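> Let me begin by handing over the structure; questions about it come next.
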Amino acid sequence: MSHKLKIIFFSLYCLIVGCNHENNDKYSYRHSFQPIFTLSSDQMKGRKYDSFEAEISSFYLSSQFEKIGLKKCPSYKNYFQNFLTDDSIRVRNVIGYFEGTNSILKDEYIVISAHYDHLGVDENLKGDSIYNGARDNAVGVCALLEIAKYFSNNPPNHSIVFALFTGEEFGYIGSDYFVHHPPFFLNKFVFNFNIDNIGYDDRNSISIIGSGKTIADKHFKSSCDSLKLALINNPCPEMRLFEKSDNFNFYQKGVPSITFCMGFSSFNDSIKKYYHKVNDEYNTLDYFYIDKYIETAILSVENIDSEYVNTYWKN
Ligand SMILES: [Zn+2]
């Protein structure tokens, strides 16, 4: 399909999907959830990294970056970091950034990341066959966009890179490429705040994977306190979740990293009901809670950005 046709298709698509969902709740939310509705709609067919719908998702996300006013990385002509996978499939990450306002800290980069891909469609399933991935990880992408919106109005001290990765579900492909081909010097990356979700069963808490390694712990605690949420550190250690998201590629390169999750403490039946299942749909989410989750993420990043330190590693 030609580039022009793709854009026309995409614009029509946004028009249809954009009008599709109305939030009729009476409560007024701080944040917009449209990216969750769009990415996890059936039309996006589960955003498998090698699908046409993943490509459409990348166009949608780059239009969001444009709207927010994120800068394109030096030498990039758009927000796409295009590359070939090991089996020669053309895929892309979506990357943008804000430059820091502090004359010293602007040379240090905090990376906010979330994967936008999911599992696609299982043709063998009867009935619903689409892995919508609302929790995993449309919610994370939405949180990243809301953090970016916040910093567009409240310029950060450090430079902040916003990275939406592809291929997380099939071997952390996008983040692996990113850390090996970073748009800025890797040794200038001081912290990776990764956002990813397997689900939640506790609406009164936030879970952090990677607690105990960095000085950001206190910031997670204080931002949870201000939203009256509890903090769960390193849920289900037996699952080694620290090694099972994009944060681990940063950690392996020596960059302090955590993954910021909705509240859960064990891999129980209420998590399994949605985790990597076709019923992980946007109409099964509690938006009152998601709104607080996103706000906690923003406060946490704001606090991390306010640090003036040599390293975010805990001594
Ligand atoms: Zn995920």
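> Along the Cα→Cβ direction, 7 angstrom out, place labels at Asn268 and Phe170. What is the inter-label distance in nm?
Computed distance between label sites Asn268 and Phe170 equals 3.5 nm.
> Kindly list the residues of the range 74-101 that lie in the label zone of Glu66, defined by a backbone N under 12 Å from the point 7 Å along the Cα-to-C-beta vector.
Within reach of a label on Glu66: 78-80.
> May I ask what percent, to the nearest 5, of DSSP beta bridges between residues of the chain are antiparallel? Please list the in-between numbers first.
Values: 18 of 40 bridges.
The antiparallel proportion sits near 45 percent.
> First measure r as the distance between the Cβ atoms of Phe288 and Ser88, then evaluate 1/(1 + (r/R0)^6) with R0 = 45 Å and state the FRET efficiency to the nearest 0.05. Don't skip to the end; give the middle numbers.
Details: r = 45 Å, r/R0 = 1.00.
After rounding to 0.05, the efficiency reads 0.50.
> Simple spin-label model, 7 Å along Cα-to-Cβ: Asn102 to Phe52 in nm?
So the two model labels end up 4.8 nm from each other.
> In what sequence, highest mean first, do 229-235, 31-37 appear when ranked by Cβ atoms within 10 angstrom? Walk me through the numbers before you get to the answer.
Values: 229-235: 17.9, 31-37: 19.7.
Per-residue Cβ counts within 10 Å, averaged per peptide and sorted highest first, yield 31-37, 229-235.
> Oh, and also: Treating only the Cβ atoms of Lys and Arg (+1) and Asp and Glu (-1) as charged, compute the dipole magnitude of the chain about its Cα centre; round to the nearest 20 debye. Walk me through the numbers on the way to the answer.
Values: 31 positive and 38 negative charges, 123 e Å.
In total the dipole reaches around 600 debye.
> Could you list Ser226, Ser205 so that the one with the fewest beta carbons within 10 Å of its beta carbon is first and the one with the most is last?
Ser226, Ser205
> Beyond 23 Å between alpha-carbons counts as too far, so tell me which of Lys71/Lys149; Lys106/Lys253; Lys213/Lys292; Lys244/Lys277 fall in that bin. If you can, show how the numbers build up before the last one.
Working: Lys71/Lys149 13 Å; Lys106/Lys253 21 Å; Lys213/Lys292 25 Å; Lys244/Lys277 18 Å.
Distance filter (> 23 Å) returns Lys213/Lys292.
> Determine the shape class of the chain: with a ≥ b ≥ c the square roots of the Cα gyration tensor eigenvalues, call it rounded for a/c under 1.5, and otherwise prolate if a/b is greater than b/c, oblate otherwise. Can you show the working numbers first?
Values: a/c = 1.40, a/b = 1.14, b/c = 1.23.
Since a/c stays below 1.5, the shape of the chain is classed as rounded.
> What FRET efficiency do you get for Asn187 and Asn153 if R0 is 35 Å and r is their Cβ-Cβ distance, rounded to the nearest 0.05? Could the numbers behind the result be given before it?
Working: r = 30 Å, r/R0 = 0.86.
The formula returns an efficiency of 0.70 here.
> What list do you get for Leu241, Leu70 if you sort them by fewest beta carbons within 10 Å? Mind showing how you got there, number by number?
Working: Leu241 21, Leu70 24.
Final ranking by Cβ density, sparse to dense: Leu241, Leu70.
> Then there is this: Work out from phi, with θ = phi - 60° and the Karplus expression 6.51 cos²θ - 1.76 cosθ + 1.60, the ³J(HN,Hα) of each residue of the range 265-278, listed in order in whole Hz, and give x for Gly and Pro.
Going residue by residue, I get 10, 9, 8, 9, 4, 6, 7, 4, 4, 10, 4, 6, 10, 5 Hz, with x marking Gly and Pro.
> Using amide H atoms built in the peptide plane, which far-off residues or other-chain residues are under 5 Å from Val111 H to H?
Correct list: Val161, Val190, Phe191, Asn192, Phe193.
> Fewest Cβ neighbours within 10 Å first, please rank Phe267, Phe248 accordingly.
Phe267, Phe248
> Next question. Taking R0 as 35 Å, what's the FRET efficiency between Leu227 and Asp122 from their Cβ-Cβ distance, rounded to 0.05?
Working: r = 37 Å, r/R0 = 1.05.
Efficiency for this residue pair is about 0.45.
> Let me ask another. What residues have an amide H closer than 5 Å to that of Ser207, excluding those fewer than 5 places away on the same chain, when H is modeled at 1.01 Å from N in the peptide plane?
Ile232, Cys261, Met262, Gly263, Phe264
> Got a sec? Charge dipole of the chain, +1 on Cβ for Lys and Arg, -1 for Asp and Glu; which of Phe98, Asn315, Leu241 is way out at the positive end?
In the chain, that residue is Phe98.
The numbers here are math on the coordinates, done by the rules we state, and not lab data. A quick note: this is a predicted structure, and the numbers were derived from the prediction, not measured. As a convention, Cβ positions derive from the backbone with ideal geometry for all residues, glycine included, and neighbour counts pool all protein chains shown.
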